[in-house]
Amino acid sequence: MSGCCARDYEQVFGDKGAERSARRFLRRGLRGSSRTLVELAGDVHGASVLEVGGGIGGIEIELLGAGADHATNVELAATYEGAASGLLAKLGLDGRIERRVGDFVEEADAIEPHDVVVMHRVVCCYPDMDALVGAAADRARRRLLLTYPQESVVARTVFALLNVLQRLRRSTFRGYVHPIDGIIATAQAHGLALAERRRHGAMWESAAFTSAR
């Protein structure tokens, strides 16, 4: 990840955090904006799903349960792999989800298009929004689903404090509140049309884009 190396990313999202996420998912499933993305996916029967920055893979697991055929998860931090592997084994999903570790933008050319592409709270972790959203849009045959920060005082304050904390920890990880108009324009420039937007309090917004090709 340009400007945010994998080592520093893993310092923020470590093994213990991944294990907690897996246990929480088993206890209560998805909630909040992650649940909204599942709803925005619509009918996924027989579809392929690509989740970028999916962590343990909760959203793609839910979409498989809703009828999707198979999924690919591209995650920058290798620290999620142990917890994700254990979760898939418990749920009997071995073989239906391919997990890849690496920078999605750098590896995008090697990843085939999928029917549904998901990025939940990922745009805010990448400095080059145009490259990230553009690569995701190019791989979405039917639908691209995003959750990103609103351009609100609350969101800007939270991210400013997060970045101060990372500097104090001597981490290069940074969070970004990218212009929403720019996110939408990038998706549209890559052949997608905005279908729906939903806000979650004063912090997050989710959007669904459909193929206009």
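General observations
- Extreme residue, positive dipole direction of the range 120-167, given options Cys124, Pro149, Ala136 (C-beta unit charges): Ala136
- Stretching Asp94 away from Val154 to a fully extended chain increases their span by 17.6 nm, per 0.36 nm per residue minus the current alpha-carbon distance.
- Inverse of mean 1/r across different Cα pairs in the range 43-160, Kirkwood, Å: 14.7 Å
- With all protein chains modelled, accessible area of Thr157 [1.4 Å, Å²]: 70 Å²
- Extending 7 Å from the Cα toward the beta-carbon at both Asp138 and Asp181 defines two label points whose distance is 2.6 nm.
- From its DSSP helices (H runs of at least four residues, each -39,500 (n - 2.57)), the chain gives a residue-normalised ellipticity at 222 nm of -12000 deg cm²/dmol.
- Heavy atoms of Ile180: accessible area, 1.4 Å probe, square angstrom to 10: 10 Å²
- Among Val154, Val74, Val38, residue whose mean-square fluctuation peaks in a GNM of the chain (springs only between Cα atoms under 10 Å): Val154
- Bridge type composition, the chain - antiparallel percent by DSSP, nearest 5: 45 percent
- Local electrostatic count at Gly57 - Lys and Arg +1, Asp and Glu -1, tallied over other residues with Cβ under 9 Å: -2
- Under the Debye formula (equal points on every Cα, no solvent term), log10 I(q)/I(0) of the range 7-100 at q = 0.21, 0.24 Å⁻¹: -1.06, -1.34
- Computed FRET value (nearest 0.05) for Arg199 with Val164, which takes r as the C-beta separation and R₀ as 22 Å: 0.25
- The range 20-58 versus the range 169-213: alpha-carbon centroid distance in Å: 17 Å
- Percentage relative contact order, the chain, counting C-alpha pairs under 8 Å, at least six apart: 22 percent
- Basic side chains Lys and Arg get +1 at the Cβ, acidic Asp and Glu get -1 at the Cβ, and with that the dipole of the range 87-193 about its Cα centre reaches some 580 debye.
- Pairwise label distance in nanometres, Ala189 with Ala131, each label 7 Å out on the Cα-Cβ vector: 1.4 nm
- Local electrostatic count at Ala160 - Lys and Arg +1, Asp and Glu -1, tallied over other residues with Cβ under 12 Å: +3
- Volume of the Cα convex hull of the range 95-198, divided per residue and given in Å³: 123 Å³
- Of the accessible area of the range 85-197, computed with a 1.4 Å probe over protein heavy atoms only, carbon and sulfur atoms account for 51 percent.
- Each Lys and Arg adds +1 at its Cβ and each Asp and Glu adds -1 at its Cβ; summed about the Cα centre, the chain shows a dipole of about 980 debye.
The values are calculated or read from the model by the stated rules, or taken from the named source; none is laboratory data. This structure is a prediction, so every number in the text was calculated from the model and none was measured. Quick reminder, even Gly has a Cβ in these numbers, built from the backbone with ideal geometry, and neighbours come from all protein chains shown. Accessible surface is based on the protein model in full, side chains and every heavy atom, while ligands, DNA and RNA are left aside. Shrake-Rupley method; radii C 1.70, N 1.55, O 1.52, S 1.80 Å.
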